[in-house]
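Student: My questions will all concern the structure given below.
The values are calculated or read from the model by the stated rules, or taken from the named source; none is laboratory data. Predicted, not measured: the structure shown is a model, and the values here were computed from it. Positions of Cβ are backbone-derived with ideal geometry, glycine not excepted, and every protein chain shown enters the neighbour counts.
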Amino acid sequence: MTEYEAIIGLETHIQLNTTTKIFCSCKADSWNDPPNTNICPVCCGLPGVLPVLNKTVVEKAVLLAAAMNTEIQPISYFDRKNYFYPDLPKGYQISQYDRPLARGGYLELPMPEGYIRRINIHKLHIEEDAGKTKNDYGRRLIDFNRCGVPLVEMVTGPDLRSADEAAQYLIRLRQLLRWLGISEADMEKAHLRCDANVSIRPKGADYLNPKTEIKNVNSITAVRDAIQTEIERQIHEVEAGNGILAWTLEWDEDSGILRKMRSKETEADYRYFREPDLLPIRLEQAWLEEILSSLPELPLARRQRFIHQYNLPEYDADILTGERSLSDYFENAVITYGSDPKRVSNWLMNDILRMVNERGIPAGELKLTANYLADIIKLVDSNVINTSTGKSLLEKVEQSGKSPQQIVEEEGLAKVNDQDAIRMVCTEVLAEAPDQVKSYKSGKAGLMGWFVGQVMKKMRGKADPQLAKAILEELLAK
Ligand code: ZN
Ligand code: MN
């Protein structure tokens, strides 16, 4: 039986999170606004208006271009991409064609199996978004809010080999966009959109077969499911002796079915020509350097550094660098704590991550700062409080904003290490439970846990449980 491999390329459109649109001063993000409320003569393409390029769009696109390891072009041009569609009021989209902002480049994906896959992109360019149409019981409604929203388009080479790799690419791209702070990268809100080109060939072959294009996938899970479904369909067709036709397919998430859409325009249909109303983008050295000076350490580099510098398992490093604020938080806590990064990582991955998720805010915005977390771990290490008091301190600090030391003092949470005080309570517990003492003495050793629990309860969790256990054992041996 022939074994097949999939050849997948992804075309992504990324909505940059600028305040205003790319060529006018309308508000860019309309997610919560009624239709046709953020529009003006420029983005609606009325006669006689001129576009003015938003500088921030170029700066954010350059940051992405640098992070994608591309060759940033000192000069690039805008072009008109002509097509007639109701959501495009000008009758053309301002895009970049043969002289894009950046060429080449790649994104590296750390794979769960431990190796790194490099996915190439051909080019990266800037363009404006089109509007939205929807059918409303026989009427066609148009919303121009999205016209002129700034986008970056990137197309990968045919480098992805499975639906999982395609999903991984999107996960890493989303991480990078948020890390750079240039896009919310929320697929459900169309900040990150993806079309997938899919073909198959016998494993190991070096030619490309006709491909189909999947559109309208708006979550990473949907991308994975749609590609997997299409790979299986193509294998089925080929095994049955049929050819693959270059269809454009639309994913129906509810039914898990791919539907055939209109046939696609070819490049020539777009009649590209230079946009006469805009000057080329000239990235002079000084401007470029200024933009790149704000490029942070990238997620993959930080992930590798955490593994080597802090001796973290890959699993920890991956989670801690999933988001920039969390990775900064971790590093600050390690510096304050001063030793054993793995111990800090454990507290972070168990407790801080949960707090962050519950509150829906980045780690950097917690009132429980990285320094306070380090202080709490130190209080536990130096035996001032026990672990469970330490855990309860996390919430108390977060709610009050007070320092851990202050709360320990105010609430008298310091652990009781006073032998006599603990001995008194132990004696009390044993006196109150003659039945349990009898069972224990007749061999039910498991009751020790219960006795310790009673002591802890009476002392409101402040007793040193090791010490309590030792004293109980001594008293029960009598
Ligand atoms: Zn406008
Ligand atoms: Mn495009």
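Student: List the residue pairs whose Cβ atoms are under 6 Å apart, where the first residue sits in the stretch 399-428 and is of a type outside the set (A, V, I, L, M, F, W, C), the second is not in a helix (DSSP H, G or I), and the two are 6 or more positions apart or on different chains.
Tutor: Matching pairs, first to second residue: 401/367; 415/385; 415/386; 415/462; 415/464; 417/464.
Student: Additional query: Just for the stretch 2-61: of the residues that are in contact with a helix residue (DSSP H, G or I) (Cβ under 6 Å, 6 or more places away or on another chain), more than 16 Å from ligand 2 (Cβ to nearest atom) and part of a loop (DSSP other than H, G, I, E, B), which one is nearest to residue 154 (Cα to Cα)?
Tutor: By that ranking, first place goes to 18.
Student: Which numbered condition trips up residue 47, out of (1) in contact (Cβ under 8 Å) with a residue 40 or more places away in the chain; (2) within 16 Å of ligand 1 (Cβ to nearest atom); (3) more than 20 Å from residue 125 (Cβ to Cβ)?
Tutor: Here residue 47 meets the rest and fails (1).
Student: Tally time: how many residues in the stretch 370-386 are among the small types (Gly, Ala, Ser) and either modelled with pLDDT of 95 or more or under 29 Å from the mean Cα position of the chain (by Cα) (or both)?
Tutor: Of the residues in the stretch 370-386, 2 are among the small types (Gly, Ala, Ser) and either modelled with pLDDT of 95 or more or under 29 Å from the mean Cα position of the chain (by Cα) (or both).
Student: Does the stretch 22-32 contain any residue that is closer than 30 Å to residue 269 by Cβ, within 16 Å of ligand 1 (Cβ to nearest atom) and without any contact (Cβ under 8 Å) to a residue 60 or more places away in the chain?
Tutor: No; the residues of the stretch 22-32 include none that is closer than 30 Å to residue 269 by Cβ, within 16 Å of ligand 1 (Cβ to nearest atom) and without any contact (Cβ under 8 Å) to a residue 60 or more places away in the chain.
Student: Could you tell me which of the residues 121, 94, 126 is modelled with pLDDT of 95 or more and touching a helix residue (DSSP H, G or I) at 6+ places or on another chain (Cβ under 7 Å)?
Tutor: 126
Student: Now, a different point. Tell me which of these residue 301 doesn't satisfy, since it passes every other one: (1) more than 26 Å from residue 70 (Cα to Cα); (2) surrounded by fewer than 14 Cβ atoms within 10 Å (Cβ to Cβ); (3) within 21 Å of the chain's Cα centre (by Cα).
Tutor: Against the list (1) more than 26 Å from residue 70 (Cα to Cα); (2) surrounded by fewer than 14 Cβ atoms within 10 Å (Cβ to Cβ); (3) within 21 Å of the chain's Cα centre (by Cα), residue 301 comes up short only on (1).
Student: Does the stretch 370-391 hold any residues that are touching a helix residue (DSSP H, G or I) at 6+ places or on another chain (Cβ under 8 Å) and in a loop (DSSP other than H, G, I, E, B), and which are they?
Tutor: Once the filter is applied, which keeps residues that are touching a helix residue (DSSP H, G or I) at 6+ places or on another chain (Cβ under 8 Å) and in a loop (DSSP other than H, G, I, E, B), the stretch 370-391 yields 384, 385, 386.
Student: Of everything in the stretch 74-91, what is in contact with a Lys or Arg (Cβ under 8 Å, 6 or more places away or on another chain) and either away from ligand 1 (no atom under 16 Å from the Cβ) or within 24 Å of residue 291 (Cβ to Cβ) (or both)? Give them in sequence order.
Tutor: Result: 74, 75, 76, 77, 78, 79, 80, 82, 86.
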